[in-house]
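Accompanying notes for the structure given below.
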Amino acid sequence: MPKIKTNSSAKKRFKLTGTGKIARKSAYKSHILTKKTTKQKRNLTQTSYVTDADSGNVKRMLGIGK
């Protein structure tokens, strides 16, 4: 049985935490920042977690588990 390749784009975008959750960065923080408020940009800096519905697909792309 061959090894499963890790998706290169997924390994750049997601990180596995110590508790097993998958961390991700927020979208809408790369350009057109002049029309966004300071509070909105500050809140977009924080990392969030992948939902349970999508975590299976992300784990498969990362080669974790099933």
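Select from the chain those chymotrypsin sites (Phe, Trp or Tyr not before Pro) which occupy a DSSP coil region and have at most 12 other Cβ atoms within 10 Å, ordered by residue number.
Y28
Assuming 0.36 nm per residue, please report the length gained on full extension of the stretch T17 to K3 beyond their Cα-Cα distance.
Result: 2.7 nm gained on full extension.
Using the heavy atoms of the protein chains alone and a 1.4 angstrom probe, what is the accessible area of the chain per residue in square angstrom?
Heavy-atom SASA per residue in the chain reads 89 Å².
For the chain, which whole percent of the accessible surface, found with a 1.4 angstrom probe, sits on carbon and sulfur atoms?
54 percent
Taking only DSSP H segments of four or more residues, each worth -39500 (n - 2.57), what value at 222 nm results for the chain once the sum is divided by all its residues, to the nearest 500 deg cm²/dmol?
Taking each H run of at least 4 residues, the total per residue is -10500 deg cm²/dmol.
When only Cα pairs under 8 Å and 6 or more residues apart are kept, what is the percent relative contact order across the chain?
Normalised by residue count, the contact order of the chain is 37 percent.
The values are calculated or read from the model by the stated rules, or taken from the named source; none is laboratory data. Being a predicted model, the structure only gives us computed values, none of them experimental. When we count neighbours, we look across all protein chains shown, and the Cβ atoms used for this are built from the backbone with ideal geometry, even at glycine. Heavy atoms of the whole protein, side chains included, go into the accessibility calculation; ligands, DNA and RNA do not. Shrake-Rupley method; radii C 1.70, N 1.55, O 1.52, S 1.80 Å.
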